[in-house]
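Below is one structure; the comments refer to it alone.
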Amino acid sequence: MQRHISEGRSAQYYALIEPLNEPEEGEEDRGAPLLIDAIPVDGAKNYLESGADLPSLDFLLAYAEEGRGPTDQLLYETIQLITLSDTPSNGAIPVSTAVLDDRGDGEREQLFMTIEKMSPQDVEVCGTIGRFSVGRPASEAGIRKLLKNAEAGAPHGIAIYDVGQANFNAVVDCNEHPRLFFDFGRPIGLKARTKPLLVNFNPLAFNHAEPVVLSHLDQDHWLFAVESGGAAWDSTEKYWKTAPKYRDSALQRKWIVRLPEGVLYWGSHIHFLRTLASNGSLFVWPEGSVHIQGASIGIWSCSPSAGSPNTQSYLKNNSSLALRVESARAVAVLCGDAEYGSFDSNALDGVTAVVAPHHGGYIQFGATPNVRGPGRMVLSTYENAYPSVPHDQTIADALNNGWFVTRTDARHSCGRCGNVHGHKYIPLAGTQPECGCGVVTSAQICLPHVQ
């Protein structure tokens, strides 16, 4: 039933609405900018009625610069029924459709969002969509085989690529060539300004179909899989929808993804996961597994500790996957957005290097693991992209505990590719990796020399 009628175009959606700003000490910022991930109501019905094994699902991505409406409604944590219109009305929240190209450029449409009351039927439909399936979990043996293939290149170190306010890491061999990716991110549209000006940046240049271990489904951890896309009005379906164009080279590799119970995934997530599954590229983490180990690379599942916040953002960040890579000289742990307290204690045992949790976001004093060896900590971050990220207390705790802290937003002019970037490197071997074929330089993924 249409609750709001305008003289222009309008459509109703089931929307997952998430605050984008980093909360301070677990408190939600009710005035934060919002990410709106919405499924058209009519599209939801078509999706549920489809007889296909992996039915397609339309969705719309949009942003609200200011999340506090005149009635100060609580928008987070549950699916909302919304009306979007191209005509303003009293109490409506202005939103802009998202542009998905690599630069954040492109045409955005101004719309106006009104929160509606959910009927019992709406609640039932949303519950059914939330129980979506992308097939059976992968076997431990299947995941271990992917790790074995990645290890064939003899892990030499960890690349932390400067992608602005996002996360994109790789296990590299002695030639600086990626062998396995941990996260696959670039900034969301509102934070596109944080990217370095690397027009030819391409860690996928080697066409080895290196697998991806995805920490979790926040878009700044997987959005590099999308080459371009934007939103437009579908004159046949009578709603706005986002049409992503995924990189073929992203879909051709295997993705290890965890889908834990209790975490809400919605339109953009389901569309991406179903696209991977239809390509035979999706390996869903088996929930009974805490740890799957190869010869030198191990994947660990994280779980929120007792007494942790019971919010969707916290659950998503901390019910995730982390990577541990070992050599005779060093042990590196790549945290994604998970706090140290969400790790199994064995995952951090003897750690000599970390890619810090949540871009260097807030942690309590004393939470940083004990330093061993060189104690290298890298923050994949961009100053002032979000309030208090990176957080002063996080950096102070690391320094007090003996860690040497570096950041991807500490950029420099690269003597090899001639561009300014902040790629960082964590060594696992005693020699510096160096590409002899020239592809690393042309792909703008040159790594700094680290002793």
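Among the residues examined, K191 does not qualify as assigned to a helix (DSSP H, G or I), among the basic types (K, R), at pLDDT 95 or above and surrounded by fewer than 22 Cβ atoms within 10 Å (Cβ to Cβ). Candidates V290, V257, V284, V263: the one that is of a type in the set (V, I, T) and more than 18 Å from the chain's Cα centre (by Cα) is V290. For the stretch 311-334, taking the residues that are open to solvent by 20 Å² or more (accessible area, probe 1.4 Å) and assigned to a loop (DSSP other than H, G, I, E, B), the one that is modelled with the lowest pLDDT is identified as T311. Any chance the stretch 159-169 includes a residue that's among the polar types (S, T, N, Q), assigned to a loop (DSSP other than H, G, I, E, B), more than 16 Å from T408 (Cβ to Cβ) and modelled with pLDDT of 95 or more? Looking for residues that are among the polar types (S, T, N, Q), assigned to a loop (DSSP other than H, G, I, E, B), more than 16 Å from T408 (Cβ to Cβ) and modelled with pLDDT of 95 or more, one finds none in the stretch 159-169, hence no.
Among the numbered conditions (1) of a type in the set (G, A, S); (2) open to solvent by 60 Å² or more (accessible area, probe 1.4 Å); (3) touching a residue at least 60 places away in the same chain (Cβ under 8 Å), the only one that A250 does not meet is (2). When residues in the stretch 404-451 are screened for being open to solvent by 10 Å² or more (accessible area, probe 1.4 Å) and assigned to a helix (DSSP H, G or I), 3 of them pass. Any residue in the stretch 295-305 that is open to solvent by 10 Å² or more (accessible area, probe 1.4 Å), in contact (Cβ under 8 Å) with a residue 60 or more places away in the chain and either out of contact with any Leu (no Cβ under 7 Å at 6 or more places or on another chain) or small (G, A, S) (or both)? Yes: the stretch 295-305 contains one or more residues that are open to solvent by 10 Å² or more (accessible area, probe 1.4 Å), in contact (Cβ under 8 Å) with a residue 60 or more places away in the chain and either out of contact with any Leu (no Cβ under 7 Å at 6 or more places or on another chain) or small (G, A, S) (or both).
Might you check whether a residue that is under 30 Å from D42 (Cβ atoms) and aliphatic (A, V, I, L, M) occurs anywhere in the stretch 130-146? Among the residues of the stretch 130-146, at least one is under 30 Å from D42 (Cβ atoms) and aliphatic (A, V, I, L, M), which makes the answer yes. Can you say whether V378 is closer than 29 Å to N202 by Cβ, of a type outside the set (S, T, Y) and over 24 Å from the mean Cα position of the chain (by Cα), as far as the supplied structure shows? So V378 fails the test.
Answer yes or no as to whether A141 is open to solvent by 20 Å² or more (accessible area, probe 1.4 Å) and more than 26 Å from the chain's Cα centre (by Cα). No: the conditions fail for A141. Restricting the search to the stretch 210-246, which residues are within 17 Å of S85 (Cα to Cα) and of a type in the set (D, E)? The answer is D234, E237. Out of the stretch 276-305, which residues are in a helix (DSSP H, G or I) and out of contact with any strand residue (DSSP E or B) (no Cβ under 6 Å at 6 or more places or on another chain)? Scanning the stretch 276-305 gives A277, S278. Going by the conditions given, is S308 open to solvent by 50 Å² or more (accessible area, probe 1.4 Å), assigned to a loop (DSSP other than H, G, I, E, B) and not basic (K, R)? Spelling it out, it is not the case that S308 is open to solvent by 50 Å² or more (accessible area, probe 1.4 Å), assigned to a loop (DSSP other than H, G, I, E, B) and not basic (K, R).
Tally time: how many residues in the stretch 335-351 are in a loop (DSSP other than H, G, I, E, B) and open to solvent by 10 Å² or more (accessible area, probe 1.4 Å)?
Qualifying residue count, the stretch 335-351: 5.
Of all the listed residues (N384, N401), the sole one being out of contact with any Asp or Glu (no Cβ under 7 Å at 6 or more places or on another chain), polar (S, T, N, Q) and either open to solvent by less than 30 Å² (accessible area, probe 1.4 Å) or in contact (Cβ under 8 Å) with a residue 12 or more places away in the chain (or both) is N401. Among residues that are part of a loop (DSSP other than H, G, I, E, B) and open to solvent by 30 Å² or more (accessible area, probe 1.4 Å), A209 is included. Restricting D37, D105, D29 to residues that are under 20 Å from W240 (Cβ atoms), modelled with pLDDT under 70 and either under 24 Å from the mean Cα position of the chain (by Cα) or small (G, A, S) (or both) narrows the list to D105.
Among the residues making up the stretch 55-75, those that are open to solvent by 10 Å² or more (accessible area, probe 1.4 Å) and modelled with pLDDT under 75 are E66, R68, G69, P70, T71, D72, Q73, L74.
The values are calculated or read from the model by the stated rules, or taken from the named source; none is laboratory data. If you're wondering where the values come from, they're calculated on a predicted model, not measured in any experiment. Because the Cβ atoms are built from the backbone with ideal geometry, glycine has one as well, and the counts that use them run over all protein chains shown. Please note that ligands, DNA and RNA were not included when accessible areas were found on the heavy atoms of the full protein model with its side chains. Shrake-Rupley method; radii C 1.70, N 1.55, O 1.52, S 1.80 Å.
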